[in-house]
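Data first, discussion second: the structure below is written as structure tokens.
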Amino acid sequence: MPPEKHPREWKRFLASSGRTKPGRTKGRIPDTVLKTSVRRPFRPRKFTRKVLESIFLRYLRNNPKVMRSLLWSNSQRGWYVKSLVGNGKYWRSYLRWPASVKNELKELFIDHALHPESRMVSVDPTKTSFSFDEIRKFYLASVAHSLYLDIFSLVPWKLRMFDESQLRWLLDGRYFAFNFALDIDRQQLPDAISKYGFGYVERMRTEVDPWGYYAIATPALPGDPALLFSKLAGLGTNRSTTMQGAISIVSRWCQEHLAHGSTAYTWGGGMLHGSSWIDQLYPSSEVMFLGEMEPAFIDGFRQKLDTAYISPCLPSGVTVDDLVDSGGVLADPAMGSLDAQGTLQFPSRIGFMKHCTYGGCQSTGGLLHWLFKCLNIPARQYSCFLGDVVAGNYPGIFHKGIEVSVGQPETLVVSHSDHFYQGMHIYHPDLPDGGYLASLLDPHIDPIKVFLPKNFQEWWLPPYNSSSASQDPALYGKKQNELYQSQFLMIGATGAFSSFVIDFWKAYEQAGRSLGAMDTDTIPWMVLLKKLSMPANVLAGVLGLAEANILSRIGDIENGINTLWGTTLSAYEAGFMQWDQNLYQSKIRTTLWSKP
């Protein structure tokens, strides 16, 4: 077995994830979790175009590191590659851009500064592939928005404090779009070289990705950065003093609003329908987050649904008109309900939901990717491969998460974006009743605890990276699945999330509140942890920290500290179950549209 790596790092992280005690706020959640500053955001005074041009050019001259990070290839040859590095001679920094592209960026910045609430760019939600001009315009609009935030200090963190990796995630064109001319699509798409998707091509370690690269077409189209930022600012993200605080606010919004959608006849089916990426239909960030679609695109959207995507999958008597309202929004209020046999059931009716992630974690990972970029928070999608992986082909199953950079070189990841909202389940046939539902939803806990350090995958479970998918696909898939489960279980246990606390508390009471007499086989998450191929010393560290943090949380609850659900086990469990059900129901009821 490989030696354990960096034990101090994981011990320090786990300790910090659960030992921070909130203030004694009886019966209510700490203000630091729910409330944001009332300080009014800074608004730049009105400038002339000439003055703004001077500010823009002076800023670039004074920030050479930022200027060097602005990379774009105006030649299509720079896009026909399989790695992030690309063909270097075709990718150029700002100083070597054509004058026309420089001028386009400058004009976008000036217009944005003069009219910050106005739309900068439109992305057609009926399309998956885009032209070169379309992706260039979106990239430049995103860069103009990032520079605008930084120049006028509309967020507290500054680009000059970022390292090269952070700036690359925010400003490098290769992190915004990719070309479809990859081997996997070229056979089916003769015209692939003229088609582009929003996403990026990432070179990864062979132990993580057997192909040496992975083109991530974000399963959520980007939205206009000005409109998304305006909504985010309304939540208080731009007034947070740290990136972690802003990330928590966005995560809390996801918890309270997003709903999982996965039924094959709705948008999720469109994502997986067709022979190539170019045939898929991705949800729009603006529809998921803002709850609206530009009127100019609604008719085209309905028409596309009425052809290859939805109509062939609908039961008799159901039409597209039953699915899509005049605002262009559709959803399944049943959220993929299952009958007693586990068969997907068609819902009694179709509603029009604003905040449904039609591809589940796939859509949410894409949405968060774009939202964080709108706040100048470096972010990229993160994939967790599961199931049997066959080298040279796509994995049978994989989850999408999000990775954000909050320091130099600290990055945090969530391997499955469903952690943020209703829909996160882990089942295991060896557990009582053949299944188990664990939840990371908890209004008492800062959602930043759902994140883990990126180097988790390197030092938390070394054996899970010791098998190459190209050598043993089945074993690789099994280990990746265990790695994914271990992350979920470790977060919930050491973070003392409510469902984990309740399970532990029950066994604790049954043992007469004696730790030595507890039957740990009745604690589902502990059973799962012990079944993983985790090094003994690491498992002991996890269980020790989980025990200490959960006992501390039980003590707080019994003393009325930071609890909305009473001070006893029965009251707290009943409160959690009711809260969880209310949250689920509210996502159906409050987000349905009877009209735009």
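For the pair SER165 and LEU95, label points projected 7 Å from Cα toward Cβ lie 2.6 nm apart.
What the stretch 483-542 shows is 31 Å² of accessible area per residue, with the surface traced by a 1.4 Å probe over protein heavy atoms.
Over all other residues within a Cβ to Cβ distance under 14 Å of PRO447, the charged ones net out to -2, with Lys and Arg as +1 and Asp and Glu as -1. For each pair in LYS65/LYS102; LYS506/LYS530; LYS89/LYS454; LYS65/LYS373; LYS195/LYS304; LYS65/LYS106, compute the distance between the two Cα atoms and list the pairs where it is over 21 Å. Listed pairs above 21 Å: LYS89/LYS454. Rolling a 1.4 Å probe across all protein chains gives PHE229 an accessible area of roughly 20 Å².
The values are calculated or read from the model by the stated rules, or taken from the named source; none is laboratory data. All of these numbers come straight from a predicted model, not from anything done at the bench. Backbone-built Cβ (ideal geometry, glycine too); neighbour counts: all protein chains shown. Protein only, heavy atoms only, side chains kept; ligands, DNA and RNA dropped before computing areas. Shrake-Rupley method; radii C 1.70, N 1.55, O 1.52, S 1.80 Å.
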